[in-house]
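First the structure, in the form of structure tokens, and then the observations on it.
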Amino acid sequence: MEVKGKQSQEKKQGVLKRIAGPVVTAVNLDAHMYDVVKVGKEELMGEVIKIEGANVIIQVYEDTSGIRPGEPVSNTGLSLAVELGPGLLTSIYDGIQRPLSVLVDKMGNFIERGVSAPGLSHEKKWTFKPVVKTGQKIEPGAILGEVQETNIVHKVMLPPNAKPGTVKTIKSGDFTVDEIICVLEDGREYPMIQRWPVRVPRPVKEKLNPTIPLITGQRILDGLFPIAKGGTAAIPGPFGSGKTVTQQQLAKWSDAEIVVYIGCGERGNEMTEVLTEFPHLEDPKSGKPLMERTVLIANTSNMPVAAREASVYTGITIAEYFRDMGYDVSLMADSTSRWAEAMREISSRLEEMPGEEGYPAYLAARLSEFYERAGLVTALNGAGGSVSVIGAVSPPGGDFSEPVTQNTLRIVKVFWALDAKLSQRRHFPAINWLNSYSLYLETLQDYYDKEVSPEWNKIRSWAMEVLQKEAELQEIVQLVGSDALPESEQVTIEVARMIREIFLQQNAYDAVDTFCDMTKQYDMMKSIKLFADLAYAAQLAGVSPAQINTVQSKNELPQIKFIKDYKPELAKIEKQMDTEFNTLRSAA
Amino acid sequence: MKEYRTISKIAGPLVFVEKTEPVAYGELVNIVLYDGTIKRGQVLDTSDELVVVQIFETTTGIGRDSGVRFTGETIKMPVGKDMLGRILSGGGKPIDGGPEIIPEKRLDITGAAINPYARGMPADFIQTGISTIDGTNTLVRGQKLPIFSGAGLPHNNVALQIARQAKVPGSTESFAVVFAAMGITKEEANYFMADFERTGALEHAVVFLNLADDPAVERIITPRLALTTAEYLAFELGMHVLVILTDMTNYCEALRQIGAAREEVPGRRGYPGYMYTDLACIYERAGMIKGQKGSVTQIPILTMPGDDITHPIPDLTGYITEGQIVVNRDLHRKGIYPPINVLPSLSRLMNLGIGPGKTREDHKKVSDQMYAGYAEGNDLRGLVAIVGKDALSERDRLLLEFADLFENRFVRQGYDEDRTIEDTLTIGWELLSTLPVEQLTRIDRDLINKYHPKLKSGAKKE
């Protein structure tokens, strides 16, 4: 494969000199930065991260207990790369793309070390259907053929760094990923598999500005703070505020075609939950199990810290690969703070000069490099695809001024601020509507006008205004009580409460409410607006806020959330609302 | 075994040894003093020239003349069936006057990570008999749910009550308890032991005691020994094990002490930058394994310095564990036991353990509604202090009363009061029925009609 680059270099054997946790030093070893090496008699996998005279410093992806100075180290001469090809979907990998299911077979229920396992099955045969013909000229990244992987069609491509060429033979039939399916006239041979170094972004023809929202089915996200396909978002929040639930909701319901979910330094039981749940959940669009479009990467908090550092790169490389096929991919990284901590841990073992709060000085650069790999693109082969990146951030003490949150906010376009206060009162999703923002609102306006309703943008701004107004009024209420407010403002408080409780609150565990499409979101907001209009009119006509609060139909409105075929019920409620207000006004 | 007399430097708990044969990282080391006493330690850093050894006990008596023996193996814990009922030191030696443990196996105390693919999904509701846990922050088998407390609060009683009352309804298997004390006082330890003896819990318990005057560094291995034992009981013998670790704050202090001795770059408040990973390697050793019978459920206890939940110890813990139970000083001052504040408390696995067939169909929604009501009522207390009760609307007045009722009826219960989940939910509905029905927006109409004491049709006579 082309990426090997240093293929011609002889493999060199070196000797271990020092071991201090996950960082070891070798001597007498020819190495380049980020070469993958095998450490010790057990051949633990590691990566060169520093070269200092004759000393080669290596981070090891596995536990180093029991390794002694004097043991051998060998250099593979390759960069840390992932295997890309049919078989990625439905897989669950650790941080360095070892399939966890294979590891269970090889070493039982606990993760021992020194076991290598390829990312893809090299035995399984896939049915390959060519789309190029003999004699056809092909460019790098060209689609050679297709494999029906799950319900997703896997497009087999010429590697992006291959030179252009002319097809001499192209095969059709059942092949393993290693068998040659395409031969070019200059003699180059290609199997379905390709390897790509994880730290290098895959090239694209052009990066475009995102214009289509990633529909997530979550009202506060789609309705108030949307993310675009190919966009970036951050979810920072203290523990217990619902980062993981939000991430999982996005993984389940966002209308991306492929989902890559990275559990980076998080809880083991959470990954189990995803693993158990996803195969049973259906994609609202295709009706197929969600697992069929998902790749999971699980490097839990107690798995080796160096592999945690790599997991984020492994994930984004896989995401880019599917993007190059022309798919919309969304990538969730939970949590980027654990990734940053892994960098910090390794940096401190290297005795590097620390930056803010002990994080390495290159933290900001690494974060921006990572988020910059998101985007709406034209792939080399001309297909349009996107990678949307949604990173969770776990700020210590919930303090957003810490380095990881701050450096992330400088890059991402959407900020969903989780709020412990909201989660304490079980307002879920606990996203603070005053602090959050989306910079995609303007670019997405056209889409909403066309696809949802020309009224949508107006009604959205109206809701935001009400919520903003409520925040101001609440400050007064805190001091003097709500009865002291002018009547029209008492109505505003009531309307804001309805927006919060009916529209913003959403139950992730309710079979219906867990996903809410744009039409329903619009209809719900419209009904609240209808109530508001009627209430303000009634108030002007002399109806008191207390009387307005007696309107029964407004209490029926929350039930709409839990009804799948809600339209008849909603129409009934709206009609009743109209009647009730008429009665109130005629009495006034 | 070769003995080196090449110690070059001793600093805090660290001993630096020069010119050795190749020594393995993590190897167990014995240091022989002039009088023959042996101190144990572990290799932290190894190279041709220099080996750094961390001593688990005090370094008193170690000098440049002491002998150093490298054992060639990492620290192993002898485990066996007859450990139940035994009291061991924080270093794993019997201190109850009984015989040595007859080892059936010797296990590495670091413990490998459970492959996430092999994990079983926790789903069995554990009834602790405490309403604030069962009703609103449900514990399930295989969960790690810490108690965040403060100095002088009755967290030990809460932990003991859980250990005593915990059961899975409909299952006859009881829990084995592994209790690890780190740096607690002898008095506290006696209190635990007396309660274990009073209730007969000691028979199916393994106790590890590292007391306040025991070496701080030993605290680093105490929880690892306890969890290795727990994993053996759970995954080799098929038992359901409840692990109580107290006090994790002392553990973290010991970690900081070693970090400082090693002259590491400190993270927040002087705690080492790797504390998250280190704590994770303890807390993550809870769970179940697919196709196996046993389980490890963890209840670590920690005291928040200055009651500050953003302090690095509770903060990092909260990011790893599956929720937290927060013991609150104000409630304690009001004389409410158990003084659990449900607002900052959380159980992340609650939804897996409740609902139809496990507890009851209305459980989740009753809990949410109570949370919302209590949170709002609690906020109003601040307002009342300024404007007085009279300025409140009817709705707010009811919420305020709800908050008081919630604390007095739902939170408050006896130290030996063991409420079933039915009892807990009944109290919940009783409280909710003081609010207007239309305010119960988080519960579907059907459930309201079925369970609301004032509405349920054909209500049984109590």
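Below are the figures for this structure:
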{"item": "Total residues in region B:181-220, condition under 16 Å from B:M77 (Cα atoms), open to solvent by 10 Å² or more (accessible area, probe 1.4 Å) and of a type in the set (A, V, I, L, M)", "result": "2"}
{"item": "Residue identified as open to solvent by 50 Å² or more (accessible area, probe 1.4 Å), within 23 Å of the chain's Cα centre (by Cα) and on the phi < 0 side of the Ramachandran plot among A:R410, A:R366, A:R425", "result": "A:R410"}
{"item": "Conditions (1) open to solvent by 40 Å² or more (accessible area, probe 1.4 Å); (2) out of contact with any helix residue (DSSP H, G or I) (no Cβ under 6 Å at 6 or more places or on another chain); number of the one not met by B:R164", "result": "(2)"}
{"item": "Top-ranked residue in region B:1-13 [being crowded, with 16+ Cβ neighbours inside 10 Å and modelled with pLDDT of 90 or more; ranked as farthest from A:A20 (Cα to Cα)]", "result": "B:Y4"}
{"item": "Complete set of residues in region B:233-260 that are open to solvent by 10 Å² or more (accessible area, probe 1.4 Å) and closer than 14 Å to B:R285 by Cα", "result": "B:F235, B:H240"}
{"item": "First in region B:167-178 and closer than 14 Å to B:G238 by Cα, second anywhere and part of a strand (DSSP E or B), Cβ under 6 Å, 6 or more apart", "result": "B:E173/B:H240; B:F175/B:H240; B:F175/B:L242; B:A176/B:V241; B:V177/B:A205; B:V177/B:L242"}
{"item": "Residue count, region B:139-182 (criterion: closer than 26 Å to B:T310 by Cβ and part of a loop (DSSP other than H, G, I, E, B))", "result": "8"}
{"item": "Single match in A:T272, A:T244 (criterion: within 7 Å of chain B (Cβ to nearest Cβ), under 20 Å from A:S311 (Cβ atoms) and touching a Lys or Arg at 6+ places or on another chain (Cβ under 9 Å))", "result": "A:T272"}
{"item": "Filter result for A:L296 (open to solvent by 10 Å² or more (accessible area, probe 1.4 Å) and of a type in the set (A, V, I, L, M))", "result": "no"}
{"item": "Some residue of region B:336-343 being within 8 Å of chain A (Cβ to nearest Cβ) and either aliphatic (A, V, I, L, M) or open to solvent by 20 Å² or more (accessible area, probe 1.4 Å) (or both)", "result": "yes"}
{"item": "Helices (runs of 4 or more DSSP H) wholly inside region B:298-407 containing at least 1 residues that are in contact with a strand residue (DSSP E or B) (Cβ under 7 Å, 6 or more places away or on another chain), of a type in the set (A, V, I, L, M) and in contact (Cβ under 8 Å) with a residue 60 or more places away in the chain", "result": "B:312-320, B:329-333, B:350-353"}
{"item": "Identity of the residue in region B:261-279, in contact (Cβ under 8 Å) with a residue 24 or more places away in the chain and more than 22 Å from B:I184 (Cα to Cα), that ends up most open to solvent (accessible area, probe 1.4 Å)", "result": "B:R269"}
{"item": "Strands (runs of 3 or more DSSP E) (entirely within region A:13-61) containing at least 3 residues that are open to solvent by 30 Å² or more (accessible area, probe 1.4 Å) and within 14 Å of another protein chain (Cβ to nearest Cβ)", "result": "A:13-20"}
{"item": "Filtered residues of region B:390-409 (kept if more than 12 Å from B:T434 (Cβ to Cβ) and either small (G, A, S) or more than 10 Å from chain A (Cβ to nearest Cβ) (or both))", "result": "B:A391, B:S393, B:E407, B:N408"}
{"item": "All positions within region B:286-297 that are in a loop (DSSP other than H, G, I, E, B), open to solvent by less than 10 Å² (accessible area, probe 1.4 Å) and in contact with a Lys or Arg (Cβ under 9 Å, 6 or more places away or on another chain)", "result": "B:A286"}
{"item": "Top-ranked residue in region A:75-132 [being of a type in the set (S, T, Y) and open to solvent by 10 Å² or more (accessible area, probe 1.4 Å); ranked as nearest to A:V198 (Cα to Cα)]", "result": "A:S79"}
{"item": "Enumeration of residues in region A:97-119 that are more than 7 Å from every other protein chain (Cβ to nearest Cβ) and closer than 22 Å to B:E236 by Cα", "result": "A:D105, A:K106, A:M107, A:G108, A:R113"}
{"item": "One residue from B:A189, B:A226, B:A194 being in a helix (DSSP H, G or I) and more than 28 Å from B:P272 (Cβ to Cβ)", "result": "B:A194"}
{"item": "A:V260 vs. criteria under 30 Å from A:K129 (Cα atoms), hydrophobic (A, V, I, L, M, F, W, C), surrounded by fewer than 24 Cβ atoms within 10 Å (Cβ to Cβ) and at pLDDT 95 or above", "result": "no"}
{"item": "Hits in region A:265-293 - residues which are in a helix (DSSP H, G or I), open to solvent by 20 Å² or more (accessible area, probe 1.4 Å) and hydroxyl-bearing (S, T, Y)", "result": "A:T276"}
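Condition check ((1) farther than 26 Å from A:F515 by Cα; (2) open to solvent by less than 20 Å² (accessible area, probe 1.4 Å)) across all residues:
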{"site": "A:L540", "(1), (2)": "yes, no"}
{"site": "A:S544", "(1), (2)": "yes, no"}
{"site": "A:T550", "(1), (2)": "yes, no"}
{"site": "A:L557", "(1), (2)": "no, yes"}
{"site": "A:K561", "(1), (2)": "no, yes"}
{"site": "A:D565", "(1), (2)": "no, no"}
{"site": "A:I573", "(1), (2)": "no, yes"}
{"site": "A:N582", "(1), (2)": "yes, no"}
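The values are calculated or read from the model by the stated rules, or taken from the named source; none is laboratory data. Note that the coordinates shown come from a computational prediction; the quantities given were computed from them, not determined experimentally. Cβ: placed from backbone, ideal geometry, glycine included. Neighbour counts: every protein chain shown. Ligands, DNA and RNA are stripped out before the accessible areas are found, and what is left, the full protein with its side chains, is counted by its heavy atoms. Shrake-Rupley method; radii C 1.70, N 1.55, O 1.52, S 1.80 Å.
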